[in-house]
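Here is the structure we will look at.
What follows draws every value from the coordinates through simple rules; no lab data is involved. Just so we're clear, the structure is a prediction, and the values are computed from it rather than from any experiment. With ideal geometry, Cβ positions are generated from the backbone for all residues, glycine too; neighbour counts draw on all protein chains shown.
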Amino acid sequence: MADRTATSVAGSEPAIDTSVPHSARIWNYWLGGKDNFEVDRLAGEQVRAVFPAMIETARQSRAFLSRAVRYLAGDAGIRQFLDVGTGLPTADNTHQVAQRVRPDSHVVYVDNDPMVLAHARALLVGAPEGLTHYLHADLRDPEAILRQARAHLDLDQPVAVLFFGVLGHVGDDDEAAGVVRRLLDAVPSGSYLALSDGTDTSPEVIESHRQYNESGAVPYHLRSPERIARFFAGLEMVEPGLVPFTQWRPEGAVVTVDGYGGVGRKP
């Protein structure tokens with residue numbers, strides 16, 4: 001295993017383009033963060049004008065991440081996490097949630113956004129007993145992800161592979177399913193997939209994403225719950241299965257959102 005504090009990124013740092021909105025920065029804005037620019041705030045408000053529930057949806061998506069990771073680190077006994085498309089750091093990042101349950105958890109983040117790269121050191125502040133690491137790679141390139149992840153995770157032991165709110169950036173269902181399958185194929189029985197994404201379950205969310213996709217940001221493609229279910233093919237679903245993510249083991253009042261999530265175990 002690699003040293004806990006090491007961050008290696010091949011090549012020069014990519015430039016941060018502030019002339020077009022970026023999904024990671026827009027989500028950061030929706031979640032109340034400060035790591036965004038005027039172009040991101042404008043795009044975020046454009047979506048919010050059509051779909052006022054977007055802020056609540058973003059917050060509830062983050063809450064699902066916390067519940068799912070707590071389950072994986074606790075009841076499921078997972079000690080290794082591969083978080084693909086992590087986005088910018090906010091409250092309750094994956095390593096913080098996992099290492100509160102088990103300080104020896106190893107968490108590897110994957111993203112290709114230059115602002116996430118700039119904040120990699122913030123992501124790397126984890127429990128001294130564990131490991132927190134950042135990889136600069138594209139989610140569409142699972143071979144590159146695995147090649148780098150092997151330096152920090154033991155892929156002969158169970159791993160939780162996480163895709164929270166990112167697979168919508170891969171528009172083709174076959175390609176998206178192929179990415180998920182390749183990463184799951186590389187980890188053993190007893191590993192898990194935890195996933196959430198936006199759904200085309202209301203006219204407002206469909207229209208808001210149509211406008212978002214015309215803003216210059218990397219397009220995000222909504223899917224039906226049935227199409228999202230395909231990503232869990234061959235896995236044993238953890239109760240309550242694939243559901244609106246506010247209904248996955250809720251800890252308070254349940255609100256309605258346009259997004260589904262679930263956790264599945266590799267048999």
Sort out which residues of the stretch 155-183 are under 28 Å from Gly130 (Cβ atoms) and either exposed (fewer than 15 other Cβ atoms within 10 Å of the Cβ) or of a type in the set (Val, Ile, Thr) (or both), and write them in order of number. Asp156, Gln157, Val159, Val161, Val166, Val179, Val180, Arg182
Scanning for something touching a strand residue (DSSP E or B) at 6+ places or on another chain (Cβ under 7 Å) and either surrounded by fewer than 22 Cβ atoms within 10 Å (Cβ to Cβ) or of a type in the set (Gly, Ala, Ser) (or both), does the stretch 132-139 turn up at least one residue? yes
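Can you tell me how many residues within the stretch 194-217 are under 20 Å from the mean Cα position of the chain (by Cα) and either more than 25 Å from Trp30 (Cβ to Cβ) or of a type in the set (Val, Ile, Thr) (or both)? Working first, answer last.
Going residue by residue through the stretch 194-217, those that are under 20 Å from the mean Cα position of the chain (by Cα) are 194-200, 205, 209, 212-213, 217.
Then keep just the ones that are either more than 25 Å from Trp30 (Cβ to Cβ) or of a type in the set (Val, Ile, Thr) (or both); that gives 199, 205.
Total satisfying the criteria: 2.
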Considering residues that are closer than 16 Å to Glu175 by Cα, buried (at least 18 other Cβ atoms within 10 Å of the Cβ) and hydrophobic (A, V, I, L, M, F, W, C), the number found within the stretch 213-231 is 3
Can you give me the ranges of the helices (runs of 4 or more DSSP H) entirely in the stretch 85-189 with at least 1 residues that are under 16 Å from the mean Cα position of the chain (by Cα), under 25 Å from Gly33 (Cα atoms) and hydroxyl-bearing (Ser, Thr, Tyr)? 94-101
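Quick one: is Leu42 crowded, with 22+ Cβ neighbours inside 10 Å and either hydrophobic (A, V, I, L, M, F, W, C) or in contact with a Cys (Cβ under 9 Å, 6 or more places away or on another chain) (or both)?
Values: crowded, with 22+ Cβ neighbours inside 10 Å: no; either hydrophobic (A, V, I, L, M, F, W, C) or in contact with a Cys (Cβ under 9 Å, 6 or more places away or on another chain) (or both): yes.
Judged against the criteria, Leu42 is not a match.
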Flagged in the stretch 221-240 as more than 19 Å from Phe81 (Cβ to Cβ), out of contact with any Gly (no Cβ under 6 Å at 6 or more places or on another chain) and in a loop (DSSP other than H, G, I, E, B), in numbering order, are Ser224, Ala233, Gly234, Glu239, Pro240
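Per-residue answers, yes or no, for (1) small (Gly, Ala, Ser); (2) over 22 Å from Ser189 (Cα atoms):
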site	(1), (2)
Gly44	yes, yes
Ala49	yes, yes
Glu56	no, yes
Val69	no, no
Does the stretch 159-171 contain any residue that is farther than 24 Å from Arg249 by Cβ, out of contact with any Phe, Trp or Tyr (no Cβ under 8 Å at 6 or more places or on another chain), without any contact (Cβ under 8 Å) to a residue 60 or more places away in the chain and not hydrophobic (A, V, I, L, M, F, W, C)? yes
All but one of (1) over 23 Å from Gly241 (Cβ atoms); (2) in contact (Cβ under 8 Å) with a residue 12 or more places away in the chain; (3) surrounded by fewer than 20 Cβ atoms within 10 Å (Cβ to Cβ); (4) not hydrophobic (A, V, I, L, M, F, W, C) hold for Ser66, so report the exception by its number. (1)
If you scan the stretch 205-215, which residues turn out to be assigned to a loop (DSSP other than H, G, I, E, B) and out of contact with any helix residue (DSSP H, G or I) (no Cβ under 8 Å at 6 or more places or on another chain)? Glu214
